[in-house]
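Trainee: Quick one: the structure is below, and I'll ask about it shortly.
The values are calculated or read from the model by the stated rules, or taken from the named source; none is laboratory data. Because the structure is predicted, anything quoted here is derived from the model rather than measured. Cβ placement follows ideal geometry from the backbone for every residue including glycine, while neighbour counts extend to all protein chains displayed. Remember, those area values only see protein heavy atoms, side chains included, never the ligands or the DNA or RNA. Shrake-Rupley method; radii C 1.70, N 1.55, O 1.52, S 1.80 Å.
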Amino acid sequence: MPEVTLKEITQIVRLQLGAPQVNESDRLMEDLDAESVDIANIVAALEARYNIQVQEAEIASLVTVSDLLALVNHLL
Amino acid sequence: MNFATLLDVLDFRRRHNGAQVAFTFQDRPTTFGELWEGIEYFAAALIDRGLPPRAPVITLFPNGPEFFTAFYGVQRAGGIAVPLFPASSSARVESIARQCEATWVVLPQAEKERLAKDNAASGLHWISLPEARRLSHRTAAFPAVQSDDIAFLQYTSGSTGEPKGVMLSHANLLTNLQQMIAGMQITAQEIFVSWLPIYHDMGLILKTMVPFYLAAPVHLLPTDLRAAHTWLAAIQRYRATFTAAPDFAYRLAVRSVEHTHGYDLSSLRVALDAAEPVRAQTIADFEQLFGLKQVMVAGYGLAEATVGVSMMTPGCPPRLDAHGLVSVGRPFPQVELKIVQGDVDLPAGAVGEIAIRSAANSRGYFNDPVGTAALIWRDGFLLSGDLGYLDAEGYLTIVGRKKNTIKHAGETIAPQEIEELVDAIPDVRYTAALGIDRGRLEGEQVYIFAELRGLSSAEAGEAIVLRIVNDFHARLGFRPARVYLVKPHTIPRTYNGKIQHAELKSAYLQGRLRAEGSILYPDY
């Protein structure tokens, strides 16, 4: 299965947070002003987009945009 | 004038105003004499064919003279009219026929060919008007119709989307006509123009029964929310004094009429804005664009109270509260309102469910004792399902639907607040906001569906979504869970323009929006 690209993930993060600019190293909360519920909603979007299931426990450990990328590629 | 039934009104008009034009449809006039003759021909045909007393008969006609022939013909034959959206699917017609135990369906010839063929086995009798006319011997004796008899069933979508047939008696209807005539100071000198569906409450009762009752001229147009120009041109041409539409139609008129094209709407005395949440901005924009002053008035009503419940007094400025909500005025004469929560009456200013007491109140839903029991509060009050408050001077303001508020992190949000905010964004045509709880930790979240005319590219889609998310965040302090840009007409609405949130929600959750290609952006 082809890997999900950073480009795809940053686009979803931009749409979910309304952020015009999103980089791989950005921290979701500190740099992108996300709240925990926004992260839950990003995860729901990733689940819908890639047809994956994310456990609640995995959500708590997500800190940066690159964590999202790694999570999706791990689950695919 | 003291009439017992709607048929008495029309019979009186036939005798006293027989040569007078009852209405025009697309400029073609029908006199009261012609109207009554058509009704009796058709009623006789129904009786000849053995229509049982008080049998519900479904009618499927678009705006036009045939609607009245069928609608009143059924009543004249002693039946109960069940007017439905004329383009209803055969499944919808069958489902309502089952609910009200109707076996007769009257419809235009072309529709009969469309619908009757996939219904050979359903046990329904499909009759077109030309057939009925050929069969009629016009020798039948018409049964006596009483004021307490049900004139028609007004089908509405309940909050969960199942159809409910509101029973409206002749007495209910005549009461509400008199309440609205008195409350809006309507006279026989009024000139009505309407494109509203004549098979549904505001378009049927306010815009055709009221003028028939007074023998005031009414000019009817085909139903088309998009044909703002036709509507405005008709107001100008006929020097109309009274028109009515949901807020959406006025917004559309403002948007589609970039400059006024010289439309002169100065004849208008009343432009009623009702049937969906009324926005202060719409009133300001419409009046400014056409140079009108204190012509647009906000009103409120529901099928369960026949139609009209309250309205601002024509000629008065809109009344806004601290949140910018527009008051829908005081109740019509002989209509009592209170605000309740459970069994308790709430004081002025407190938000609760609007309860209504009026002789125009329906006795309930046809064949639905459970729904009817839930509708009736006590002491003759019915529960509207709408949330609002009465101020110290007795003016009503609607806050939202009881079953349709969004609960987010313990806060109650009216979808209207979100919809208004998103509708203000350029390129967005129409918006619906839903609360959806996926059963996860985050609880109920806001999903936004914004109709666009079209989308030129994914980049354009992203820009619109970002704008929506950011405007939402700036206003409400949190973000929506999902923003979808959808095709025009994706958001289901009632014939009067009320958003059917429950239907949209099930279409979305069942994956129908995606399957039907209604979602333009994004692809998840």
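Trainee: Out of the range B:469-495, which residues are surrounded by fewer than 22 Cβ atoms within 10 Å (Cβ to Cβ) and of a type in the set (S, T, N, Q)?
Mentor: B:N470, B:T494 - these are the residues of the range B:469-495 that are surrounded by fewer than 22 Cβ atoms within 10 Å (Cβ to Cβ) and of a type in the set (S, T, N, Q).
Trainee: Moving on to the next point. Name the residue that is surrounded by the fewest Cβ atoms within 10 Å (Cβ to Cβ), counting only residues in the range B:71-115 that are more than 22 Å from the chain's Cα centre (by Cα) and in a loop (DSSP other than H, G, I, E, B).
Mentor: Applying the filter and picking the extreme gives B:E101.
Trainee: Restricting to the range A:40-60, name every residue that is part of a loop (DSSP other than H, G, I, E, B) and open to solvent by less than 60 Å² (accessible area, probe 1.4 Å).
Mentor: Quick first cut of the range A:40-60, residues part of a loop (DSSP other than H, G, I, E, B) only: A:51-55.
The answer is A:I52, A:V54.
Trainee: May I pose another question? Check off (1) within 24 Å of the chain's Cα centre (by Cα); (2) at pLDDT 90 or above for B:V399 and give me the number that stays unchecked.
Mentor: The one condition B:V399 does not meet is (2).
Trainee: Just one of the numbered conditions (1) within 25 Å of B:I519 (Cβ to Cβ); (2) open to solvent by 30 Å² or more (accessible area, probe 1.4 Å); (3) among the β-branched types (V, I, T); (4) under 10 Å from the mean Cα position of the chain (by Cα) is not true of A:V63; which one?
Mentor: Just one mismatch for A:V63, condition (1).
Trainee: Now for a separate question. Being of a type in the set (D, E, K, R) and within 22 Å of B:I205 (Cβ to Cβ), is that true of even one residue in the range B:38-51?
Mentor: Of the residues in the range B:38-51, the ones of a type in the set (D, E, K, R) are B:40, B:48-49.
Subset that is within 22 Å of B:I205 (Cβ to Cβ): none.
No: the range B:38-51 contains no residue that is of a type in the set (D, E, K, R) and within 22 Å of B:I205 (Cβ to Cβ).
Trainee: Return the residue satisfying two criteria in turn: it lies in the range B:488-524 and is among the basic types (K, R) and not in a loop (DSSP other than H, G, I, E, B), and of such residues it is farthest from B:D201 (Cα to Cα). Explain how you work it out, then say what you get.
Mentor: The initial filter retains those residues of the range B:488-524 that are among the basic types (K, R), namely B:493, B:498, B:505, B:512, B:514.
Checking the rest, the ones that are also not in a loop (DSSP other than H, G, I, E, B) come to B:493, B:505, B:512, B:514.
Details: B:R493: 14, B:K505: 25, B:R512: 29, B:R514: 33 Å.
The selected residue is B:R514.
Trainee: Pairs only if they're at least six apart or on different chains, beta carbon under 7 angstrom, first in the range B:335-349 and among the β-branched types (V, I, T), second open to solvent by 40 Å² or more (accessible area, probe 1.4 Å); list them, first residue then second.
Mentor: B:I339/B:L346; B:V340/B:L346
Yes/no per residue for (1) more than 23 Å from B:G342 (Cβ to Cβ); (2) within 12 Å of chain A (Cβ to nearest Cβ); (3) basic (K, R):
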| position | (1), (2), (3) |
| --- | --- |
| B:V370 | no, no, no |
| B:K403 | no, no, yes |
| B:E417 | yes, no, no |
| B:V422 | yes, no, no |
| B:G435 | no, no, no |
| B:A460 | yes, no, no |
| B:N470 | yes, yes, no |
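Trainee: If B:C316 satisfies all but one of (1) closer than 16 Å to B:Y395 by Cα; (2) of a type outside the set (F, W, Y); (3) buried (at least 24 other Cβ atoms within 10 Å of the Cβ), what's the number of the condition it fails?
Mentor: That leaves (3) as the condition not met.
Trainee: With respect to B:G511, determine if the residue is more than 9 Å from chain A (Cβ to nearest Cβ) and buried (at least 19 other Cβ atoms within 10 Å of the Cβ). Don't jump to the end; show me each part of the working.
Mentor: Details: more than 9 Å from chain A (Cβ to nearest Cβ): yes; buried (at least 19 other Cβ atoms within 10 Å of the Cβ): no.
The answer is no for B:G511.
Trainee: Within the set of pairs 6 or more residues apart or between chains, which connect a residue that is touching a residue at least 24 places away in the same chain (Cβ under 8 Å) inside the range B:506-520 to a residue that is of a type in the set (G, A, S) and surrounded by fewer than 12 Cβ atoms within 10 Å (Cβ to Cβ) with Cβ atoms less than 9 Å apart?
Mentor: Close Cβ pairs satisfying both conditions: B:L520/B:G454.
The rows are residues; the columns are (1) at the interface with chain B (Cβ under 9 Å from one of its Cβ atoms); (2) assigned to a helix (DSSP H, G or I); (3) touching an Asp or Glu at 6+ places or on another chain (Cβ under 6 Å); (4) open to solvent by 30 Å² or more (accessible area, probe 1.4 Å).
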position	(1), (2), (3), (4)
A:T10	no, yes, no, no
A:Q16	yes, yes, no, no
A:A19	yes, no, no, no
A:S25	no, no, no, yes
A:D31	no, no, no, yes
A:D38	yes, yes, no, no
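Trainee: Still on this structure: Give me a count of the residues in the range B:275-300 that are out of contact with any helix residue (DSSP H, G or I) (no Cβ under 7 Å at 6 or more places or on another chain), surrounded by 17 or more Cβ atoms within 10 Å (Cβ to Cβ) and in a loop (DSSP other than H, G, I, E, B).
Mentor: Selection size over the range B:275-300: 1.
Trainee: Being in contact with a strand residue (DSSP E or B) (Cβ under 6 Å, 6 or more places away or on another chain), within 11 Å of chain A (Cβ to nearest Cβ) and not charged (D, E, K, R) is the requirement here; does B:I413 meet it?
Mentor: On the way: in contact with a strand residue (DSSP E or B) (Cβ under 6 Å, 6 or more places away or on another chain): yes; within 11 Å of chain A (Cβ to nearest Cβ): no; not charged (D, E, K, R): yes.
In short, no.
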